[in-house]
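K.L.:
Structure incoming, see below.
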Amino acid sequence: MTGRDRAVAGRVWPRRHADGGQPANAGDPGAAALRCSVDLSPAAGDAVRPGLPASVPTGPHRHTRGPADAPIVVVEYADFECPYCARTAPVLHELVDVSDGEVRLVFRHFPVFDIHPYALTAALAAEVAGAHGQFWEMHDVLFTHQDRLGDKFLRAHAGALGIDGDLAVGEPAQPYGDAVEADYARGIEQGVRGTPTLFIDGSPYRGRTELAPLRKAVSMSLHRRRRAPWSRG
């Protein structure tokens, strides 16, 4: 059984297709085209796994970049095999870097594995790296090498970070599926339909994933917050 088969075994995930639903930023025709989209129509046997092992963190803010007290939080739902997510990743990093401490980025998994066969195993490998304090290092490697996401490459990526490669694939990585599944469920609750999908200060971002419009959106959120600090947007 391949690493991908093992990743899916024992879990029931909604069906995903390239021509499914509207992305969160459907207001911008150009931006809407740059999404790996999903079909959320119920599949036979869809179910939620009961219980999560306490040993695997599944909180919504596991993977963050930027100051913990930043006034603006940008949440990204992404898929490591999505080419648009790979293009967006360095833009979001730069957004945090140039924000003078006003932006914190939160990453959440949303693997579209029906069209991206390695998305789920890549997400598991990233979670394993996160357990070793190297989520963002693995995040960057996976997006930089999207043509190298098979098990042998995931082992190599982990090894290059000083992590036992055998922990990043197969059965040892399975418990981390709970964290990936928790992120996916949060995305469904927030209306996520494709990747990348962004939320700025709790509101869906409907613009292009480029630095200038993102900075403008952050600036507008800061302005609203300063005018009405009790409002969460």
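K.L.:
What nm value, rounded to one decimal, do you get for the distance between Gln146 and Gln174 when each label is placed 7 Å out toward the C-beta?
P.N.:
Rounded to a tenth, the inter-label distance reads 3.0 nm.
K.L.:
Taking 0.36 nm per residue of sequence separation and subtracting the Cα-Cα distance, how much length would be gained by fully extending the chain between Arg227 and Arg215, in nm to one decimal?
P.N.:
On the way: separation 12, 0.36 × 12 = 4.32 nm, distance 1.83 nm.
My answer for the length gained is 2.5 nm.
K.L.:
Let me ask you something else. Which one, Ala160, Val180, Pro204, is farthest towards the positive end of the dipole of region 118-233 when Lys and Arg carry +1 and Asp and Glu -1 on their Cβ?
P.N.:
Farthest towards the positive end: Pro204.
K.L.:
What's the extension gain from Ser203 to Asp97 if we count 0.36 nm per residue and subtract their Cα-Cα distance? Present the calculation step by step, with values, prior to reporting the outcome.
P.N.:
Values: separation 106, 0.36 × 106 = 38.16 nm, distance 2.14 nm.
Result for the pair: 36.0 nm of gain on full extension.
K.L.:
Sorted by average packing, counted as other Cβ atoms within 10 angstrom per residue and highest first, what order do 141-150, 125-134 take? Intermediate values should be presented prior to the final figure.
P.N.:
On the way: 141-150: 17.4, 125-134: 22.0.
Descending packing order for the listed peptides: 125-134, 141-150.
K.L.:
Just to confirm a number: summing +1 for Lys and Arg and -1 for Asp and Glu over residues other than Pro67 whose beta-carbon lies under 14 angstrom from that of Pro67, what do you get?
P.N.:
Computed value for this residue: -2.
K.L.:
Sticking with this one: How charged is the neighbourhood of Gly130? Take every other residue with its Cβ under 11 Å from the Cβ of Gly130, and add Lys/Arg as +1 and Asp/Glu as -1.
P.N.:
After counting each charged neighbour, the total is -1.
A short reminder: the numbers here are calculations on the coordinates, not readings from a lab. This structure is a prediction, so every number in the text was calculated from the model and none was measured. No Cβ is skipped: glycine too gets one built from the backbone with ideal geometry, and neighbour counts run over all protein chains shown.
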